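Structure record follows, encoded as structure tokens.
The values are calculated or read from the model by the stated rules, or taken from the named source; none is laboratory data. Remember, predicted model here, so these are calculated numbers, not experimental data. Glycine also receives a Cβ, built like all others from the backbone with ideal geometry; neighbour counts cover every protein chain displayed. For the accessible areas, the whole protein counts, side chains as well, though only heavy atoms, and no ligand, DNA or RNA atoms are used. Shrake-Rupley method; radii C 1.70, N 1.55, O 1.52, S 1.80 Å.
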Amino acid sequence: MKWLDRIYRILISVKLAVVVILVLGGLSAIGTIYESRYDAEYAQKLIYHSPLMYFFLGLMCVQLIMVMIDRWPWKWRHSPFLLAHVGIIITLAGSLVTRYWGLDGTLSLSIGEKGHQVTVNDRQLSIYASFDGQKFTPIAERTVDFLLNPPSDQPVEFRLGDDLLSVFDYAHYAYQKQEIVASTSEFDGPGIRFQLQNDNVNISRWLFLGRGQGQDLADLGPAQVVLTDSPYKKLGQNTIVFHFASPQRQADYEIRNKEGKVLKSGELTEGMSIDTGWMGLQLRILRFIPQAKRQLTYEKREQPSPATVSALRVKFRGEEHWLGSNSVLRLFTENTAYVVSYGNRRVSLPFDLTLKDFRVGRYQGTMRAMSYESDVLTNDGNQVTISMNNPLKHQGFTFYQASFQEDESGKPLLSVLSVNRDPGRFWKYLGSLMVTLGAILLFYDKSLKRWAKEKAPGEMA
Amino acid sequence: MRFIKTGILLGSIFLSLASAWGSSAGDLLRDLPVQQGGRVKPYDSFARESLKLLYGREKFGGREAADVVLTWLLIPEHWDDAQFVQVRHSGLREALKLDKERIYYSPKELFLNERVGLLIQEMRTKLQAQEKLNPYFQAVQTLENQLSLYHGIKFGQALLVAPDPAGDTWLAVARLPAPLGEKFATMTKAFIKVVTAEAEGSSAKADLGPLQAAVNEFRELARQQAPEKYGNDRKIKTEVHLNTFHPFMWSWIFYLVASLSLLGASVNRRRSLYIVGWGAAIVGFGLHTYGMGLRSYLLGRPPVSNMYETVVWVPWGTMILAAIMEWKSRGRIYLLVSSLVAVFCLILTDMAPSVLDKTLSPLEPVLRDNFWLTTHVLVITLSYAAFFLAFALADVQLFYFLRDEKRFAAKIEETNKAIYRAIQIGIILLGGGIILGGVWADYSWGRFWGWDPKETWALIAWFGYLAILHGRLVGWIRQFGMAVSSVLSFSLVIMAWYGVNFVLGAGLHSYGFGAGGVEYVSAFVALHILWVVYVATVRQSRLRTNQQSA
């Protein structure tokens, strides 16, 4: 059994331990760079919870156990060393318990709302079907991870009656773009894309009137451009007014100075170009669509921004569609309507929570939040206030005040609670305590070095 | 006890020097309460911060900010044409087609520049789309802040001087009700009189009496608006004292005296110099503590919540650790090295105001009132202090290796023990701090460990030092290796301390994020790597020659 002995020697060698420590450090460093370039989810899935990371963490545990076996029979003086090493193993075991049996999600409630649906990080693809267009029944539900298993390698397919729905592409970062395209509905308003250009400036923008919308405005600082279907009176800025007359489906333009004096005017046509008379700015009408609508499209991006979401491309009956995260896609056959939804998985709590009230405290004279707190009612009738650093513990779950959403005037709309159940908590705390205690004792134990010398004379060289 | 007495004596001499400096018109206005940035602060702080934002410094042409900023309101026609608005970003200067010879421009030329408005609009569009601003657009944002603050002060809108009994936001100068407005006008008239007299250089001191009286009358009337909102007088006075006294500047001066004396003592072994060194270090430390105490009192929390505060706090920890170690081991290297560290850090806080922002600012909600938060940050930054000490000791030790390894064998042995000890302490503190951070995260967010970059880099640094200790155990790392690895692994601490916030810029610790200084910090790290490589090469070739000659 010479090879077994050799493996054992390698496993208990401190040299290998140093290598493992350095590898773990290196991997973690790469993870932080990934997180900075991409995002936390990317780093977690590709590095921190990758098989490689788990392999080295596992190897470290094996080493720690082997070294402890090697020191058998243990004496009192071994206790700091044992404490530190056992502590590390227990902490890691606790983390594993948390990862597999814990829950970490968010619960968003508006004031007065009762809820028990916790959103977690996993993604889920669900399909609902309806024959009458009224009542939808779930027909498929699958937890998916397209980041680790890209559908471009292995398409994910669902059978819907005689048809096949196939997810064939995935963009972890997709930029949601609204395009303005011609529509056939007579209720749709106009869209105008204009350009203002001189030697220093080149701006192009869309102006668009949706259904029931009377005005759209592009504020460019020293000047503004307005699309409206009624008279526009505001002064104080150089203004270009596009006036749209719905019955005729025609538009005209007016260029005004700060005092409202009309400098130029005329009928608006696509492709026209006019000198505005301000700073040599030339106005061009790039597009003029009398009946226009907004349409969502997605564009793959290499890196995330707050405006990107993950999105899928699906094929159904020969047509391709985009489906963004936390949104739905409607598909139709001759006799059935389908709704496909892709987004975060939801987990039901065994009880309801009601948000009675939500308050934001602000630093004086500013809109900066100083504190925020939620009054919630539990299912057993207790009213509790959850605030930053004051969580609610209820039936094994802990609720933390995480954040909130407000409207433009600063009125709170939603309170976001973070919901957590952590069966590994005790082990992590115990392990951490042992490591700390062990490390402190280790460095005060003067006999340690002597003992290490006795034990491993070869390594001390 | 002798050196404590020496220290106290030295200290009192300097303190009397500091307070003897003359007073001017603005002095009388300094402690008028104003509201800004979510808190009540003395006008002095408002003026300093405003002038720093626009001009980059706290004084203009030798005049105090308190004088200068009020004249923006009183004689804007003078300032509109004065070239004092700093535009530091060269790309932005180019985009605005500004005069390349300067970096200071007059408000007028900026306001009249048609491109300014367009760029600001573009920047706002980016902000609305929640895009991260690159340095160029950060510069645009700064410019917008500069211009809007100047505009706000000039038209009496940004200076909020009296509480509004009906609301949270204070009343601006332009909106003061009649009696208050009159008092304010009387005050400014008196102010102008004094300033003019000073400017005319009349040797006889201008009569400050009327101004003092006007200030007092205005203050009392403003207080009557809503006494409970008018701020705490003692805090206001303390803040003005902190602004004008510069405790950290005095502190590094004393630390500098300490390092020079201790250096002298280690060269010529004079006991008196050594005692002077200790004395100066103690006074420096006292001032250092005093300054941090003032900040803590004003903020109502320990001063460890942004980069500036930790750069002040870490050398404080280094000094304490070093003093204890020097005292206990009777070694003569710790205090010298730690004084150098302290001088370096504190000068840094004085020299880089745009990166290390010393503004006293209110906290994000998650950081308020939390025992674990404070503890974990204090412990982790203390570990940085220990590693900083180990790093600086190793830096010094490399000199011995460069000069003559054999001749300085005893010195090297001594510093080596010191490095080892400092790293041990650092490891315990950092390990404990990481765990406390986990406890805090668990307590505040419900998760113990979440691979947040800040905590991950703390762990990486911990791994790095752990590898050193284990490497030492198996004989991979000996004396020279210890010095080298101590210098190199401090880069990990710099990454965890500075890099995560300023380079990576990701994660939950975003309330500490900032920008700037990357090139200097990188240069610092690169220089030390070069230094290590240089010493290693010289040492290698020397060892080889020795072998050949043997």
Any helices (runs of 4 or more DSSP H) falling wholly within the range B:402-496 and containing at least 1 residues that are within 30 Å of B:F371 (Cβ to Cβ) and touching an Asp or Glu at 6+ places or on another chain (Cβ under 6 Å): B:409-445, B:453-473
Some residue of the range A:64-83 being touching a residue at least 24 places away in the same chain (Cβ under 8 Å), within 10 Å of chain B (Cβ to nearest Cβ) and either open to solvent by 20 Å² or more (accessible area, probe 1.4 Å) or closer than 24 Å to A:N344 by Cβ (or both): no
For the range B:148-166, which positions are open to solvent by 20 Å² or more (accessible area, probe 1.4 Å) and not hydrophobic (A, V, I, L, M, F, W, C)? B:S148, B:H151, B:K154, B:Q157, B:D164, B:P165
Any residue at all in the range B:378-390 that's within 14 Å of another protein chain (Cβ to nearest Cβ), surrounded by fewer than 22 Cβ atoms within 10 Å (Cβ to Cβ) and closer than 30 Å to A:N389 by Cβ? yes
Provide a single number: the residues in the range B:287-327 that are part of a loop (DSSP other than H, G, I, E, B) and open to solvent by 20 Å² or more (accessible area, probe 1.4 Å). 5
How many residues are more than 15 Å from A:I274 (Cα to Cα) and either within 13 Å of another protein chain (Cβ to nearest Cβ) or in contact with a Cys (Cβ under 6 Å, 6 or more places away or on another chain) (or both) when one looks only at the range A:187-202? 3
Within the range A:358-368, restricting attention to residues that are open to solvent by less than 60 Å² (accessible area, probe 1.4 Å) and part of a strand (DSSP E or B), which residue is farthest from the other protein chains (Cβ to nearest Cβ)? A:F358
In the range B:173-209, anything modelled with pLDDT under 85 and not charged (D, E, K, R) is listed as B:V194, B:V195, B:T196, B:A197, B:A199, B:G201, B:S202, B:S203, B:A204, B:A206, B:L208, B:G209
Strands (runs of 3 or more DSSP E) wholly inside the range A:118-234 containing at least 2 residues that are among the charged types (D, E, K, R): A:137-144, A:156-160, A:163-182, A:215-219
Residue tally, condition under 26 Å from B:G438 (Cβ atoms) and out of contact with any Gly (no Cβ under 9 Å at 6 or more places or on another chain), over the range A:67-99: 2
Which ones in the range A:304-336 are modelled with pLDDT under 90 and touching a Gly at 6+ places or on another chain (Cβ under 6 Å)? A:V309, A:S325, A:N326
Scan the range B:51-92 for residues that are open to solvent by less than 40 Å² (accessible area, probe 1.4 Å), over 22 Å from the mean Cα position of the chain (by Cα) and not β-branched (V, I, T) and report the count. 11
Report the residue count in the range B:133-180 for those that are within 13 Å of chain A (Cβ to nearest Cβ), aromatic (F, W, Y) and within 20 Å of B:S354 (Cβ to Cβ). 0
Yes or no: A:A43 within 11 Å of another protein chain (Cβ to nearest Cβ), among the aliphatic types (A, V, I, L, M), assigned to a helix (DSSP H, G or I) and under 17 Å from B:A458 (Cβ atoms)? yes
I'm trying to understand the selection: among the residues of the range B:109-127, which are open to solvent by less than 60 Å² (accessible area, probe 1.4 Å) and in a loop (DSSP other than H, G, I, E, B)? B:N113
Working carefully through the options B:R223, B:R219, find the one that is part of a helix (DSSP H, G or I) and either under 31 Å from the mean Cα position of the chain (by Cα) or surrounded by 20 or more Cβ atoms within 10 Å (Cβ to Cβ) (or both). B:R219
Just to be sure I understand, how many residues within the range A:369-398 are among the hydrophobic types (A, V, I, L, M, F, W, C) and either open to solvent by 70 Å² or more (accessible area, probe 1.4 Å) or touching a Pro at 6+ places or on another chain (Cβ under 8 Å) (or both)? 3
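Check whether at least one residue in the range A:326-333 is open to solvent by less than 60 Å² (accessible area, probe 1.4 Å), over 27 Å from the mean Cα position of the chain (by Cα) and at negative phi, and report yes or no.
yes
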Can you name the residue in the range A:412-423 that is open to solvent by less than 10 Å² (accessible area, probe 1.4 Å) and closer than 17 Å to A:H394 by Cα and, of all such residues, is nearest to the other protein chains (Cβ to nearest Cβ)? A:N420
Looking across the range B:93-108 at residues that are over 30 Å from B:D27 (Cα atoms) and open to solvent by 60 Å² or more (accessible area, probe 1.4 Å), the single one that is nearest to the other protein chains (Cβ to nearest Cβ) is B:K97
Of the conditions (1) surrounded by fewer than 21 Cβ atoms within 10 Å (Cβ to Cβ); (2) more than 9 Å from chain B (Cβ to nearest Cβ); (3) at pLDDT 90 or above, A:E406 fails just one. Which one is it? (3)
Options B:Q83, B:Q130: the member that is away from every other protein chain (no Cβ under 14 Å), of a type in the set (S, T, N, Q), part of a loop (DSSP other than H, G, I, E, B) and over 30 Å from B:Q224 (Cα atoms): B:Q83
Select from the range A:1-40 the residues that are under 26 Å from B:V493 (Cα atoms), more than 7 Å from chain B (Cβ to nearest Cβ) and aliphatic (A, V, I, L, M) and list them in ascending order. A:L16, A:V19, A:V20, A:V23, A:L27, A:I30, A:I33, A:A40
Among the residues of the range B:272-287, is there at least one that is of a type in the set (S, T, N, Q) and without any contact (Cβ under 8 Å) to a residue 40 or more places away in the chain? yes
Among the residues of the range A:290-299, is any part of a loop (DSSP other than H, G, I, E, B), of a type outside the set (K, R) and over 30 Å from A:T228 (Cα atoms)? no
Residue list for the range B:392-451, filter: within 14 Å of another protein chain (Cβ to nearest Cβ) and among the basic types (K, R): B:K417, B:R421, B:R447
Check whether at least one residue in the range B:486-501 is closer than 30 Å to B:T142 by Cα and modelled with pLDDT under 85, and report yes or no. yes
Identify all residues within the range B:470-493 that are under 30 Å from A:L96 (Cβ atoms), open to solvent by 20 Å² or more (accessible area, probe 1.4 Å) and either more than 8 Å from chain A (Cβ to nearest Cβ) or under 29 Å from the mean Cα position of the chain (by Cα) (or both); write none if there are none. B:L492
